[in-house]
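Student: Below is a structure I'd like to ask you about.
The values are calculated or read from the model by the stated rules, or taken from the named source; none is laboratory data. Note that the structure is a prediction, hence the values are computed from the model and not measured. Don't worry about glycine lacking a Cβ; one is built from the backbone with ideal geometry, like all the others, and counts go over all protein chains shown. Only protein heavy atoms, including side chains, enter the accessible area calculation; ligands, DNA and RNA are left aside. Shrake-Rupley method; radii C 1.70, N 1.55, O 1.52, S 1.80 Å.
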Amino acid sequence: MLDATVMNPQTNKMVNDLKTNDPKYSPGSIVTFQIKLINTTSSTIGRIDVQDGFPRYVSYSMGEGTFDEALRILSFSVKDLEPNKPRIYTILGRVVEADQLPGKNSITCVTNQAVAVVLDPASAKDTLSFCIENKLQLTPTPLPVKKPAIKSGFPILTPPAAISKTPPTGPESLILFSLIPTGIAGFFLRRKSREKV
């Protein structure tokens, strides 16, 4: 028996599939796959050849065996698999960058298929699927810089408005001249009142 699983990027638990409503991988993120082989017979299987077909938009990073870049297949062999003693193989891939995915703000679902073949010949296979979300990255708007308040120094005054025309003068200004003798008389009366005291 062969069981292929993928890690849920939100819970970090291995699951059989991730549908469109499940958590999604993002550009450049690491994807973890696992292949579990279980011998359900009553005797040891001498050799099992395993092939794991990598999904589109995911590049091979690390795992058991050799990876064929042209075919996008990871191949390895398992020897002497005893009954009911499962073996688990972990494989790492990386999602391509955003500019290599189909489009901005799009969700792309891909499939990974693993096949195990024994010499009898007998085989087992399993597929898994997950989705990649290519979100549009928005450039944040910089916040305005606040100037520090001036705590000391002279206040800055705005210059007075320029006068383009001289204010008119007329007979109303003659009234002010009549007040001058009154002011002088008041000054002398006050002085004489101090001399008497």
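Student: Over segment 1-45, with every protein chain in place, what whole percent of the accessible area is carbon and sulfur at 1.4 Å, could you tell me?
Tutor: Carbon with sulfur: 46 percent of the solvent-accessible area.
Student: Also: Expressed as a rounded percentage, what relative contact order does segment 1-101 have, with Cα pairs under 8 Å and six or more residues apart?
Tutor: Reported as a whole number, the value is 34 percent.
Student: What shape does segment 11-69 have by the C-alpha gyration tensor, where a ≥ b ≥ c are the square roots of the eigenvalues, rounded means a/c under 1.5, and otherwise prolate means a/b greater than b/c and oblate the rest?
Tutor: It comes out oblate by the Cα gyration axes.
Student: Amide H neighbours of Leu18 under 5 Å, counting only residues 5+ apart in sequence or on other chains, H built in-plane at 1.01 Å?
Tutor: Under 5 Å from the amide H of Leu18: Ser129, Phe130.
Student: Something else about it: Taking the square root of 5 times each eigenvalue of the Cα gyration tensor, what semi-axes in Å does the equivalent ellipsoid of segment 1-108 have, largest first?
Tutor: 30, 16, 9
Student: Could you give me the ³J(HN,Hα) list for segment 32-38, computed from phi with Karplus coefficients 6.51, -1.76, 1.60 and θ = phi - 60°, whole Hz, x at Gly and Pro?
Tutor: Per-residue couplings from phi come out as 9, 10, 9, 10, 10, 10, 10 Hz.
Student: Additional query: Accessible area per residue of segment 43-110 at 1.4 Å probe, in Å²?
Tutor: Value for segment 43-110: 59 Å² per residue.
Student: Which net charge results for the neighbourhood of Gly46, defined as the other residues with beta-carbon distances under 10 angstrom from its beta-carbon, given Lys and Arg at +1 and Asp and Glu at -1?
Tutor: Working: positive: Arg47, Lys79; negative: Asp80.
Surrounding charge for Gly46 is +1.
Student: Under the 0.36 nm per residue contour assumption, what length would be gained going from the current alpha-carbon distance of Arg47 and Leu92 to full extension?
Tutor: Between Arg47 and Leu92, full extension yields an extra 13.8 nm.
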